[in-house]
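Everything below concerns the one structure shown next.
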Amino acid sequence: MRGRPALFTRYESDSAMLPTTTQRVWLLVGLLVVAGAAVWLPRDWLILIATAFIASVGVIGLNLVTGYAGQVSLGHAFFLGVGAYAGAAFGGEATDKLVGFGLDVVLWIPLAGLVAAVIGAAIAPIAVRLRGLYLAFLTLGLVFLGEHVFREWDSVTGGPGIGRKPGVLRLAGWRFDLDGEIAGYAVTREQQIYWLALIVLIIMAFAAKNIVRSRIGRAFAAVRDRDIAAEVMGIDLTRYKVLAFAVSSFYAGVAGSLLFTVTGFVNTNSFNLLLSFAYIAMVVIGGAASITGSIMGATFLTLLPRLIDGAGGVLPFLKVSSQGLLSTSQLERIVFGALIIGFLIFEPRGLNGIWMRIRNYWKAWPFSY
Amino acid sequence: MTTFLQATIAGLSLASIYALLALGFVIIYKAMQVVSFAHPAVMLFGAYMVSWFAVDVGVPFVLAVVLGALATALLGYLSERIAIRPMIGKPLFSIAIVTIGLDVVIRTPINNLIGLDIRGVGSPWGFNSWTVGGANLPHRSVAMIVTALVITVFLFLFFRYTRVGLAMRATAMDQEVALAQGINVGRIFALAWMMAGAMAAVAGMFAASDLAGLSASTYIVGIKALPAIVVGGLDSINGAVVGALVVGLAEAYTATYQSSVAPWLGSNFSQVVPYVVLLAVLLIRPYGLFGSAEVERV
């Protein structure tokens, strides 16, 4: 670190994504480590982390509308579902019962996002009239209506109990979802999904970062902080609220379309209120209005079951076999609920806030007050 | 006509469950401007407690309901004290999310306790019914409607004529001024949560007293009470009752007539009708039928 990295003389450098060389270098190193880790990570961890990457995309979307634009949405599960089924319809194979177009992955991921975005934009005008908690209720209603549609529209969703396969990860004849060989090296299905998810996350995260540091992001923040004041300053409320919903739904659509490629199966009852709650929890635990926080929150909550499984051997009251008070999945739910409460009471800025505090402490070390 | 009467009876029964839940929501909302998403879970807890006292412990049914309501009131008190009180003054959105966390924390162990077996609540009226004008009038429906009516009337009298009711209305109007008048606002918050909890226990007991009994999916009934309060308006006691009636009747009529009138809407459409009503009302009146529009300070 040379010169005075905290001294900005131009507005561009102040709002730059990575203002200092140190940050750029560390980000690059970090990305290389994460990408390279796929070579030696075991399969189950690859799958888990790939899921975390995909969930991060969805959480970034929710954070854009809820954290940045301040519009509480409990309807994220609905948009994830729309994305999952749009992806499955565009990318999946047609059978005698199911719709499927068998497109390439580079086409069906954005298409899934677009379908969700269009639906998001269509619902937004209703949402724009509503404030605060009434909006939360509206989006909550959306989840239940969505569940009903998913159950009934069996030419796309396969119907309850039957379900369907998600879109096929196919690019110009190459299959990401099969073990293969790149330049003489054997690569597994899990490694390829991991890299694909990482690439999607990098693209989506940088796009989101660009949205929030630009005019649009500032308008979102103004709407969140006080919408009437924002309107007085010349921000078109309807336009930005619709935009926030559309962008957020696009992210949810992309995440939804990929989320089930990992397990290879989309079930109609996956998109319930608990999924929406889980995404809200990821936003809160990661840190509202923070892209980095979104990724932290998604990763933390996705890995949490695994960590609790590990704790199963240590804590005696856990039901590892058949006796015991709670099963690990139940403990995981309780921990997840308690974490939401705990973070909101003690650290409303989430994991990102904790990280900021640690970083700022060491910035001034050893002269911290 | 008989079909219509039958549907109306079913609708009124549903409405009485929704009304008991919605009144709890509104009392909490009026006291501290908090919407409790944990309320359906509290209801499930109440239903389980009644079932536990009546079936497992074996106390008389009426006593079981009273004990269950008290236990649920205690749960409401503890939730408020531990999770909600530290959040006073934070954004409404954050508090709403805390109640979501609370919902998960309460619901998971209760689901574990309920288990997978069919579990009754030991209700004495069984599944007998009278016949009125050709339609079946189950004893259960009569018990539900009468209880809901009695509790609602009692609440109106309580708010209108008692000192504590007056204190609660004052707190709803302005917390600081209420504090300045010597009202213990914290105690009012606790009381609101306890009243809501007790009513939720009664509602849960009724919801679980049908043929299906108490199961994890009894929770759905509680979730469907949310549209009722939004339809009525979050801060209106009258609205809660009207909203419950609108939602309950709409659901019952749909269950009766939709399969012949609009079969393309799919099976079990009546289960999502409350949300359709919610969307329709919010489209026309963004603050519900009886809710007061927020006055905004810039």
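Throughout, read-outs are computed from the coordinates displayed, never taken from laboratory work. What you are looking at is a predicted structure, and each value in this text was computed from that prediction instead of being measured. Every residue, glycine among them, receives a Cβ derived from its backbone with ideal geometry; neighbour counts consider all protein chains shown.
Just order B:15-21, A:219-225, A:57-63, B:99-105 by mean Cβ neighbour count inside 10 Å, highest at the front, would you?
On the way: B:15-21: 28.7, A:219-225: 20.1, A:57-63: 32.3, B:99-105: 25.0.
Listed from highest to lowest mean packing, they are A:57-63, B:15-21, B:99-105, A:219-225.
For A:Tyr85, what charge total do you get from the other residues with a beta carbon under 13 Å from its beta carbon, if Lys and Arg give +1 and Asp and Glu give -1? Intermediate values should be presented prior to the final figure.
Values: positive: A:Arg151, A:Arg164, A:Lys165; negative: A:Glu147, A:Glu152, A:Asp154.
Around A:Tyr85, the charge tally is 0.
Among DSSP beta bridges whose residues both lie in chain A, state the antiparallel percentage, nearest 5.
Details: 6 of 8 bridges.
In chain A, DSSP labels about 75 percent of beta bridges as antiparallel.
For chain A, what does the relative contact order come out to in percent, with C-alpha contacts under 8 Å and a separation of six or more?
It rounds to 27 percent for chain A.
Taking a cut-off of 12 Å between Cα atoms, list the aspartates and glutamates near B:Lys30, but don't count ones fewer than 8 places away on the same chain.
Within reach: B:Asp174, B:Asp235.
Once the principal axes of the Cα atoms of the stretch A:202-268 are found, what is the range along each, listed largest first in whole angstroms?
Projected onto the principal axes, the Cα atoms of the stretch A:202-268 cover 49, 27, 16 Å.
Roughly what angle does helix B:39-51 make with the longest principal axis of chain B, taking Cα atoms, 0 to 90 degrees, to the nearest 10?
For helix B:39-51, the angle is close to 60 degrees.
From Cα pairs below 8 angstrom and at least 6 apart in sequence, can you work out the relative contact order of chain B, rounded to a whole percent? Walk me through the intermediate numbers first.
Working: 492 pairs, mean separation 99.1, N = 298.
Over chain B, the number comes to 33 percent.
Take peptides A:148-159, A:105-116 and line them up by average Cβ neighbours within 10 Å, highest first, as a rough protection proxy. It would help to have the intermediate numbers written out before the result.
Values: A:148-159: 18.7, A:105-116: 22.6.
Result, highest mean Cβ count within 10 Å first: A:105-116, A:148-159.
How long is the stretch A:36-270 along each principal axis, judged by its Cα atoms, biggest number first, in Å?
Result for the stretch A:36-270: principal-axis Cα extents of 62, 41, 27 Å.
Run lengths n ≥ 4 of DSSP H only: what is the helix-derived mean residue ellipticity at 222 nm for chain B, with -39500 (n - 2.57) per run over all residues, to the nearest 500? Please report the intermediate quantities before stating the final value.
Values: 11 runs with 200 residues, N = 298.
About -23000 deg cm²/dmol.
Looking at the square roots a ≥ b ≥ c of the eigenvalues of the Cα gyration tensor of the protein assembly as shown, which shape do they give, rounded for a/c under 1.5, prolate if a/b is larger than b/c, or oblate? The partial results should precede the final answer.
Working: a/c = 1.72, a/b = 1.42, b/c = 1.22.
Cα axes put the protein assembly as shown in the prolate bin.
For helix B:219-232, what angle does its Cα long axis make with the longest principal axis of chain B, in degrees from 0 to 90 and rounded to 10?
60
At 222 nm, what helix-only mean residue ellipticity would chain A give, in deg cm²/dmol to the nearest 500, using -39500 (n - 2.57) for each DSSP H run of four or more?
Working: 15 runs with 240 residues, N = 369.
Roughly -21500 deg cm²/dmol at 222 nm, from the helical runs in chain A.
Which angle from 0 to 90°, rounded to the nearest 10, does the C-alpha axis of helix B:139-161 make with the longest principal axis of chain B?
20
Compare the peptides B:274-280, A:290-296 by average per-residue count of other Cβ atoms within 10 angstrom and give them in order, highest first.
Values: B:274-280: 22.1, A:290-296: 25.0.
So the order, starting with the most tightly packed, is A:290-296, B:274-280.
What does the C-alpha gyration tensor say about the overall shape of the stretch A:5-144? Classify as rounded when a/c is under 1.5, otherwise prolate if a/b is larger than b/c, or oblate.
Working: a/c = 2.22, a/b = 1.19, b/c = 1.86.
Because a/c hits 1.5 or more and a/b fails to exceed b/c, the stretch A:5-144 counts as oblate.
Enter the per residue convex hull volume of the stretch A:245-300, computed from alpha-carbon coordinates, in Å³ rounded to the nearest integer.
96
Seen from all sides and averaged, what is the projected area of the convex hull of the Cα atoms in the stretch B:98-211, in nm²?
Working: hull surface 42.2 nm².
Its Cα hull, projected and averaged over all orientations, spans 10.5 nm².
Need one value for B:216-224: mean number of C-beta atoms belonging to other chains within 10 Å of its residues' C-beta atoms.
On the way: counts 0, 0, 0, 1, 1, 0, 0, 4, 1.
Per residue, the average neighbour count from other chains is 1.
Given the alpha-carbon gyration tensor of the stretch B:1-84, what are the semi-axes of its equivalent ellipsoid in whole angstrom, ordered largest first, with each equal to the square root of 5 times an eigenvalue?
Values: eigenvalues 141, 93, 15 Å².
Those come to 27, 22, 9 Å.
How high is the relative contact order of the stretch A:17-167, in percent, counting Cα pairs under 8 Å that sit 6 or more residues apart? Working shown, then result.
Details: 133 pairs, mean separation 37.9, N = 151.
Normalised by residue count, the contact order of the stretch A:17-167 is 25 percent.
Quote the Stokes-Einstein diffusion coefficient, in whole µm² s⁻¹, for chain B, based on the Kirkwood radius over alpha carbon pairs, a temperature of 20 °C and a viscosity of 1.002 mPa s.
Values: Rh = 19.6 Å.
The estimated diffusion coefficient comes to 109 µm²/s.
So which DSSP H runs in chain A come out at 30 Å plus along the axis (Cα) with average Kyte-Doolittle of at least 1.6?
Details: long enough: A:105-128 (33 Å, 2.42); A:132-152 (31 Å, 1.12); A:189-213 (36 Å, 1.00); A:237-259 (32 Å, 1.12).
Those that pass (Cα extent of 30 Å or more, hydropathy at least 1.6) are A:105-128.
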